[in-house]
Amino acid sequence: MVASLELTDVGVRYGKQEVLAGVTTPVLKGGEITAVIGPNAAGKSSLFRRIAGLLDGPGRIRIDGAGHLSGPGKVCYMPQDTSVNTVLTVYESILLARKQGAGRRVTDQDLEEVDRVLHGLQIEPISFKGLHELSGGQRQLVSLAQVLVRDPKILLLDEPTSALDLHRQVEVLSLIRSLAKDRGICVILAIHDLNQVLRVADRVMVIDAGTMVSCGPVESVITPTLLQTIYRVEARIERCSRLCPHVIIDGPIARM
Amino acid sequence: MAHSPAIAMPKGRGAYRVLVQRKKLVLLALGLVLVLSIIADLGLGPARYTMREVVLALMGSTEVSRQISVVIWDIRMPVALMAVVVGAALSAAGAQMQTILNNPLASPFTLGISAAASFGASIALVFGVGILPWAIDYVVSINALLMAMAAALFIHFMSQKRGVTVETIVLLGITLVFTFNALLALVQYLASEQALAAVVFWTMGSLTRATWPKLAITAGVLAVSLPLFMRRAWALTALRLGDDKAASFGVNVRWLRLETMMVISLLAAVPVAFVGTIGFIGLVGPHIARMLVGEDQRYFLPASVLSGATILSLTSVISKSIVPGTIFPIGIITALVGVPFLFSLIMSSRRRSW
């Protein structure tokens, strides 16, 4: 069964302080990628943590076709902060993610899955490096491997490519795209690079100052007006040779 | 891409199995060192026996005199085994404290739990006041236990507050150490000469107080705690990846921390209650284990237990060997051996993750 996610008036409160309110989406279906964009500290990570069940707040989160938060194959969340301070190898950390809520004994299938994910993300050469020895980009890839190995149905990725070079960004986003399609995963992705959003996402949700500003198909939401209102940047949208739209920064700040 | 079926037979699996085998061998080696240390411990004392005599006496052979058998079984065995279980319990407590508080400096000693236990015991020794008045035979131990649990819970609840960092917890522990040491000094100041001697001796930590019932209780606590931890091995290891990640894996982080802290306080307090303050085992044992097998709890916990037990058993051997015929309080030796070790650990930790 293909998973789906629907948010109705979802918010987040820290004590009495409301940091996010009024997030409502249509039914986000498996196979689709929804990008969440917005300025820093707009409430994107809070939204992710709320959907993952790590924060309380008002509103209704309806998840179909996936259980919630236990065992592999459910809601998987990759936090933005991937720094760790532990003596575990990459391989152990991915196996560890696989084994949560899934029995104590390590089976051949578990190891096979770890191998596949390592291969898919092309991080086999660092399999037996310590987590503390990795670069920021490598840590991000390992963190992604830890969620992918759990065979997710709903995948919440909080800035999964922020520390990656251009080649890796393209690779990882293509991987996420094909996983979403092949496995019917419903992907929610926070990402700052709007050109990557335009390339990879089906839908975009804009969050600013703790409220949802807009949610809809990528090309109808990312417009010069939105970029001016939300980011205060003068820009236009142009198409590349493959007709994919791109954001071009324009006006006085185009060249610094 | 990640899940394409046509991939070559990967090397990862095989290499992982080799890694696991290596960890099991390390555990076996630690176990062997422990057994040798116990045998040496049994042979040492006012009368020294050879390894052969000890082994024969342990096997119940008639080749050794009845006197040797009695000395080894009735006098030295409870002390030697107490060193093992106390070392194991303190090291397991330290390992899990470091895990759930995400702090390499966490141990019953550095976070004030041992100091709290000492204060609890001193009230009983000096004033004869028991927190549970009906348990008169174990009044010193029970006071120590309850104070240690209170301190552990205090640390736990403070660590749950928002904005509390790893550094804050260490500072909090230091305040507890100072507070309980000051209270202990106050009790000592008010104590009679006889009671003062008892308190001072108690705070030094000594295995010579070991008896079979005390040994049985400490071993019992260990026997109940370790399977509890092992059952949660995957979840406890996941905590090391960060709370958010562990929680998103389905780990009930708050509950796991509370449950673990309760077991830790028992593990840390019972040995202190019976043999007095023994520092550094809870700090050094887990660090050695981490260096040897990493932090996968399935190997980290047994390695911590074995290294803690081995260190205290070896320390017991040392405490008898410095001046033949004299047994130094073991708490003094662990601190003296532990300080240089901790120092070298801190100096080399820049190159490692901890």
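List of remarks:
- Checking each residue in segment A:13-40 for being outside any strand (DSSP E or B) and in contact with a strand residue (DSSP E or B) (Cβ under 9 Å, 6 or more places away or on another chain) picks out A:Thr24, A:Thr25, A:Pro26, A:Val27, A:Gly30, A:Gly31, A:Glu32, A:Gly38, A:Pro39.
- Scanning segment A:116-147 for residues that are out of contact with any Ser or Thr (no Cβ under 9 Å at 6 or more places or on another chain) and at the interface with chain B (Cβ under 7 Å from one of its Cβ atoms) turns up A:Val117, A:Leu121, A:Glu124.
- Filtered residues of segment A:114-131 (kept if touching a Phe, Trp or Tyr at 6+ places or on another chain (Cβ under 8 Å) and open to solvent by 60 Å² or more (accessible area, probe 1.4 Å)): A:Phe128
- Qualifying residue in segment B:305-323 (condition: out of contact with any helix residue (DSSP H, G or I) (no Cβ under 9 Å at 6 or more places or on another chain), within 14 Å of chain A (Cβ to nearest Cβ) and open to solvent by 10 Å² or more (accessible area, probe 1.4 Å)): no
- In segment A:166-184, the residues that are under 16 Å from A:Arg116 (Cα atoms) reach residues that are among the hydroxyl-bearing types (Ser, Thr, Tyr) with C-beta atoms within less than 7 angstrom, at least six apart or across chains, in these pairs: A:Val172/A:Thr161.
- If you check B:Ala273, B:Ala289 for being assigned to a helix (DSSP H, G or I), of a type outside the set (S, T, N, Q), open to solvent by less than 10 Å² (accessible area, probe 1.4 Å) and within 14 Å of chain A (Cβ to nearest Cβ), only one passes: B:Ala289.
- Helices (runs of 4 or more DSSP H) (entirely within segment B:1-102) containing at least 2 residues that are under 30 Å from A:Asp110 (Cβ atoms) and out of contact with any Ser or Thr (no Cβ under 9 Å at 6 or more places or on another chain): B:12-43
- Unique residue being under 19 Å from the mean Cα position of the chain (by Cα) and either crowded, with 20+ Cβ neighbours inside 10 Å or of a type outside the set (Phe, Trp, Tyr) (or both) when the list is A:Thr89, A:Thr82: A:Thr82
- Residue match in segment B:176-186 (condition: out of contact with any strand residue (DSSP E or B) (no Cβ under 8 Å at 6 or more places or on another chain) and under 20 Å from B:Leu101 (Cα atoms)): yes
- Taking the criterion of being of a type in the set (Phe, Trp, Tyr) and modelled with pLDDT of 80 or more, no residue of segment B:329-354 qualifies.
- Test: A:Asp110 is more than 8 Å from chain B (Cβ to nearest Cβ) and within 30 Å of B:Met230 (Cβ to Cβ): yes
- Between A:Ile176, A:Ile207, the distinction of being buried (at least 18 other Cβ atoms within 10 Å of the Cβ) and either of a type in the set (S, T, N, Q) or assigned to a helix (DSSP H, G or I) (or both) belongs to A:Ile176 only.
The values are calculated or read from the model by the stated rules, or taken from the named source; none is laboratory data. Quantities reported herein were computed from a predicted structural model and do not represent experimental measurements. FYI the Cβ positions are ideal-geometry reconstructions off the backbone, even for glycines, and counts take in every protein chain you see. Note: areas computed on protein heavy atoms with side chains; ligands, DNA, RNA excluded. Shrake-Rupley method; radii C 1.70, N 1.55, O 1.52, S 1.80 Å.
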